[in-house]
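See below for the structure under consideration.
The values are calculated or read from the model by the stated rules, or taken from the named source; none is laboratory data. Quick caveat: nothing in here was measured; it's all calculated off a predicted structure. Every residue, glycine as well, gets a Cβ built from its backbone with ideal geometry; the counts of neighbours run over all protein chains shown. Ligands, DNA and RNA are excluded from the accessible area calculation, which covers all protein heavy atoms including side chains. Shrake-Rupley method; radii C 1.70, N 1.55, O 1.52, S 1.80 Å.
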Amino acid sequence: MALTGELFIAAKRVKHDESFKAIAAATGAPIEPSFTVATAEDVAAACAAAEAAFPAYSALPRETRAKFLETIADEIEALGDALVERAMQESGLPQARLTGERGRTANQLRLFAKELRLGEYLRARVDHANPQRTPPKPDLRLRMIPLGPVAVFGASNFPLAFSTAGGDTASALAAGCPVVVKGHPAHPGTSELIAGAIARAAAATGMPEGVFSLVNGTSNALGEALVTDPRIKAVGFTGSRGGGLALVKLAQGRPVPIPVYAEMSSINPVFLLPAALEARAEALGAAYVGSVTMGAGQFCTNPGLVLALEGPALDRFVTAASESMTCAVPQTMLTPGIHKAYQSGVARWASAPAIKLLAEGKEADGPTSGQGALFTMTGADFIADPSHAEEVFGATSLLVRCADIEEMLKVVALLEGQLTATLHLDDADIEVAGKLLPLLERLVGRILANGWPTGVEVTDAMVHGGPYPSTSDGRSTSVGTLAIDRFLRPVSYQDLPAALLPAELRDGDAGVPRRVDGVPTLS
């Protein structure tokens, strides 16, 4: 399918003279064609169309919206190899990774279609009146309703699963919210292909014209115009802490502030507990490097910090990890800017007196290739300066060697909010893990045992979020069916005539799970 470089403003395709080109991640060379830079007027038109579509779209039957999501998934899969090939050019990610990401993108759309049919997300509740009580008890009924048009910012490191039709878009559309996507400038061709799939799905299922728009551009002004448009009611973002906080500030500075659900920075601490480390130090060392270097380390769940107790078992782990790292092949990073920031972060650690370089991967063989590296420091030095825990986005990690469990707990107390924490443990470590667990529950959104945090399963029980600064709102998740909650709010109806009540709240079989007079029911 030929790319045109046009914007998607509701059902219209728009093109202007001002344009930009994607850059091949591996070579730095521009890629055809040119892509239109959206104007402030384009953003306003997209937001106006979304607002106009909202009443009709939000009122559609759940089954109709479910079929829309499933049709988007079908259209994405129908793009075939062209989608993966373009994403490979723009991101430098390998074919197998992007093929898997395409599958995840389609599957999460279908997962939200299933969630719509179940209807649990409505949180429907019915409390019948009791006029004999003193004072009389009113009739109260509650459901969740969509917020309104949502702005979604495409992510650099997931050109499919966290971008144009990614989790934010899927959950917002499922909630009943039209979406305006600000495409990531690193992969505009990929974004256009996906936007075309959404547009075809919208036409095939009879969606209102403004249910989806895509605007492109390279300036921060475009994102500012989108977030500050009064018709936008919420924002989904995945990216840097600086970018996320800038959007939060803009959203809070509006005459009517709106929520920004920003996934930002995380170093995802991993704890190697004594018995597990003694039993399998070498295997853990090799697996650690595999997780650190996966995808050039460009995962928000990359294990950027490892904590373990000093001793011979840790020495064995370090030897195995160092040997694995020296064999690690450099990989192309997503953009020249990300590569430059990674080099700067590694240089910062390398120049810190308290930090020692353990091992480096093979030398970089391309202009944006990231050379892996492992560093270490003592727990005492970390406690003296916890600023070393700042995220370095790429294939590097910091090992903190703690003198004892008490020192490890002191290190944990200094950590910021994280997406994940991982415990490597055996039965003999249960007591120690029990001391860590209450601290980790307050620190992170997901706790793993005997695994590695890279990789996020899209399921009902997944939480991909955590306390600040891993996300701007630690009560939310951007992956899993609970992601729909970000774009909903509760409304209670008191003593309304039955004819005015939403179908899900009327007496009789409502077809959704409900809580009726305090008792859970399936009707």
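Keeping every protein chain present and rolling a 1.4 Å probe, give me the accessible area per residue for the range 400-523 in Å². Using a 1.4 Å probe on heavy atoms only, each residue of the range 400-523 averages 48 Å².
A viscosity of 1.002 mPa s and a temperature of 20 °C, combined with the Kirkwood radius over C-alpha pairs in the Stokes-Einstein formula, give the range 386-492 a diffusion coefficient of 138 µm²/s.
Where does each of 399-408, 106-115 land if you order them by average Cβ count within 10 Å, highest first?
On the way: 399-408: 18.1, 106-115: 21.8.
Highest-to-lowest ranking by the protection proxy: 106-115, 399-408.
For the chain, the Kirkwood estimate of hydrodynamic radius, built from reciprocal distances between every pair of different alpha carbons, is 24.4 Å. The angle between the Cα long axis of helix 40-58 and the main principal axis of the chain comes to about 60°, on a 0 to 90 degree scale. When DSSP assigns beta bridges and you keep just the ones with both residues in the range 354-494, what percent turn out antiparallel, to the nearest 5? Just about 25 percent of them are antiparallel.
Rank by packing, highest mean first: peptides 125-131, 241-247, with packing defined as the count of other Cβ atoms within 10 Å averaged across residues.
Values: 125-131: 15.0, 241-247: 18.1.
Ranking, from highest mean packing down: 241-247, 125-131.
Here the accessible area of the range 260-315 is 66 percent carbon and sulfur, with a 1.4 angstrom probe and all protein chains present.
Give me the percent of accessible area attributable to carbon and sulfur for the range 56-132, probe 1.4 angstrom. Each step should come with its number before you reach the end.
On the way: 1650 of 3300 Å².
With neighbouring chains kept in place, the figure for the range 56-132 is 50 percent.
log10 I(q)/I(0), Debye, Cα-only the range 1-101, no solvent, q = 0.11, 0.17, 0.25 Å⁻¹? Evaluating at q = 0.11, 0.17, 0.25 Å⁻¹ gives log10 I(q)/I(0) of -0.51, -1.05, -1.21. Translational diffusion of the range 162-296, estimated by Stokes-Einstein from the Kirkwood radius over alpha carbon pairs at 37 °C in a medium of 0.692 mPa s, is 186 µm² per second. Remark: the range 36-165 projects, on average over all directions, an area of 11.7 nm² (convex hull of Cα atoms).
Packing here is the average count of other Cβ atoms within 10 Å per residue, and on that basis the peptides 188-196, 322-330, highest first, run 188-196, 322-330.
Solvent-accessible surface of the range 99-214, averaged per residue with a 1.4 angstrom probe and all protein chains in place: 28 square angstrom.
Using a 1.4 Å probe on the protein chains only, how many percent of the accessible area of the range 378-460 belongs to carbon and sulfur? Numbers along the way, then the final one.
On the way: 1900 of 3650 Å².
Carbon and sulfur atoms account for 52 percent of the accessible area of the range 378-460.
Checking the Cα-Cα distances for K114/K182; K182/K233; K21/K182; K67/K114 against a 20 Å cut-off, the pairs over it are K114/K182. If both residues of a DSSP beta bridge must be in the chain, then about 45% of such bridges are antiparallel. Distance between the 7 Å Cα→Cβ label points at N130 and K356: 7.0 nm.
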